[in-house]
Structure formats: structure tokens, C-alpha cells
Amino acid sequence: MQRLFSTFANGWPGIGLLIQRLLIGTALVHFGIAQVEQIQNAAIFVRSFIEAIAGILLILGLWTPVAGTLAALTEIWRICWGSGDLWIVIILATLAIGLAMIGPGAWSIDACLFGRKHMDIPER
């Protein structure tokens, strides 16, 4: 993960990424659960399940590049099969792929697991 992102944004940019992750993740979980309740066929169930899992991972900030890519792919899948409001789907896909490219920010599990560690060197 550290090879993907040179730094994990901190301060205001990190808070902005946190807000973006929470917004996208909550929307994905909402739409994923709403469609799972209306199971029409197995393909919709699988897409909705993946969408909800990607949303949860984005909320947590865990495996953000993978989760953002999965979210974008599920939204593109929704565009191709024409389910839901097309503009919401396009916006979610765009924001998810942008988040996958930018990274999770300092307020994420990814930053805790893969961020740079500070070493305290004792003075002599």
C-alpha cells in the first residue's frame, strides 16, 4: 500500500478524504442493501453484495484502492444494465475511482497498517 501512495494526506486534506470515503461508502451500502432486499436474480444479488462490501471497506478505509475499484466496477455494471438513477450511478463511479487513485488519507485503517512508522531514536 505504501508503494501506491507516497504519503497519506493529513490535516484538512485528510479530513476531506475521510468525508469523501464516508459519503461514498454510505451511499454504496445503502444502494447495495436496498437492492439485496429486492432480489430479482442472482446477478443483481452478487452485484449488490459486492457494492455493499466495497462500501463498508471504504467507510473503514481498508484496502481503499481495491474497494474503490470494486465500487467503480459495480457502478459501471449498473450503468450497463440500466438499473437505478443513471446520474447517481455515474457520480458514485467517478468518485469511487477518484478515491481509488488518491488514496484513503491519514484517517484510515490503511494508514495505520501501511503508513510510515515514526521511530524514536534515543539520544546519547
Net charge (Lys, Arg +1; Asp, Glu -1) of residues whose beta-carbon lies under 12 Å from that of Arg78, Arg78 excluded, is -2
Expressed in angstrom and rounded, the centroid-to-centroid distance over alpha carbons for the range 23-41 and the range 46-91 is 9
So the angle from the long Cα axis of helix 64-81 to the longest Cα principal axis of the chain, reported in degrees to the nearest 10, equals 20
Length gained, Ala34-Ile90, 0.36 nm per residue minus C-alpha separation, equals 18.4 nm
Under the helix-only model (-39500 (n - 2.57) for each DSSP H run of 4 or more, divided by the residues of the chain), the mean residue ellipticity at 222 nm, to 500 deg cm²/dmol, is -23500 deg cm²/dmol
Taking Rh as the Kirkwood radius computed over alpha-carbon pairs of the range 11-114 and applying Stokes-Einstein at 4 °C with viscosity 1.567 mPa s, one gets a diffusion coefficient in µm² s⁻¹ of 97
Between the Cα axis of helix 86-102 and the main Cα principal axis of the chain, the angle (0 to 90°, nearest 10) is 20
Toy charge model, Lys and Arg Cβ at +1, Asp and Glu Cβ at -1: the range 11-114 dipole around Cα centroid in debye, rounded to 20, equals 80
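Please compute the length gained on full extension between Leu113 and Thr26, using 0.36 nm multiplied by the number of residues separating them and subtracting their Cα-Cα distance.
Gain in length upon complete extension: 29.0 nm.
FYI, it's all coordinate maths here, none of it is from the lab. Just so it is clear, the structure is predicted and the values come from calculations on it, not from any experiment. Please note: Cβ atoms are built from the backbone with ideal geometry, for glycine as well, and neighbour counts cover all protein chains shown.
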